[in-house]
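Presented below is the structure to which this report refers.
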Amino acid sequence: MDFYEALDRSAAEFERRLVAVGDDQWDEPTPCEGWTVRDLVGHVIGGNRMSVALLHGATADDVRTAWGDAVLGDDAVTSFRDSVAKQQAAFAEDGALERTCAHPGQGDIPGFQLLGFRIADQTLHAWDLARAIGADEQLDAEVVDLLYAGMAPMADDLAASGIFGQGRSTAVPDDAPLQAKLLDVAGRRP
């Protein structure tokens, strides 16, 4: 599986949970400390929009306002689908993966690294959303494999970043399913 297919699949994973959000679930807490379902969905849509802007030359300061509740619009599913279509088109542009992107949290990074961030963000937050609304938590096994291969060697750095909770625990055995290992490296405690 290539990274473009992984991006498509990660978006599908998130959308599968998003369409299941009930009207009474938007203020439910998620595994992301301090975030409601509304916050989480806004973060993912904002992240998709941010990636498009970064690939098109926006600065870190330009994109800081791309996050938040306002990105949901009147219909979160439509807003998400629109953000996904634009994100996929931006990453498919000639030279997109070689462009330097001024990420607000990571500094200057290549487009390829931004693509990896978006795959991880959509996939991990698909699990967070599923947990928050009581939906199916099983993620695409091939995407999980791709993400774990990239994230496991950076486990200590991920934990130190503060973005992934406390990072890897010592509670997940070596023979655990790969999804459990990925979630653990990403600071989730299923």
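Computed from the coordinates by the stated procedures, all read-outs in this text should not be read as laboratory data. Keep in mind it's a predicted model, so treat the numbers as computed, not measured. For neighbour counting, all protein chains shown are included, and Cβ atoms are generated from backbone atoms with ideal geometry for every residue, glycine included.
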Notebook entry, point to check: Can you list, bin by bin at 5 Å, the percent of alpha carbon pairs in the chain, starting at 0?
Noted result: 1, 8, 17, 21, 21, 18, 10, 3, 1
Check: With springs only between Cα atoms under 10 Å, which of G105, G167, G57 fluctuates most in a Gaussian network model of the chain?
Finding: G105
Check: Could you state the principal axis extents of the C-alpha atoms in region 140-190, from the largest down, to the nearest angstrom?
Finding: 26, 20, 16
Notebook entry, point to check: Just T170, T59, T100 to compare: in a GNM of the chain, with alpha carbon springs under 10 Å, which one fluctuates most?
Noted result: T170
Checklist line | Overall Cα dimensions of region 1-98 - principal axes, largest extent first, Å | finding: 43, 33, 25
Next item on the list: Find the centroid of the Cα atoms in region 132-185 and in region 87-120, then give the distance between the two in whole Å.
Entry: 22
Checklist line | Surrounding net charge for A102, when Lys and Arg each add one and Asp and Glu each subtract one, Cβ distance under 12 Å | finding: -1
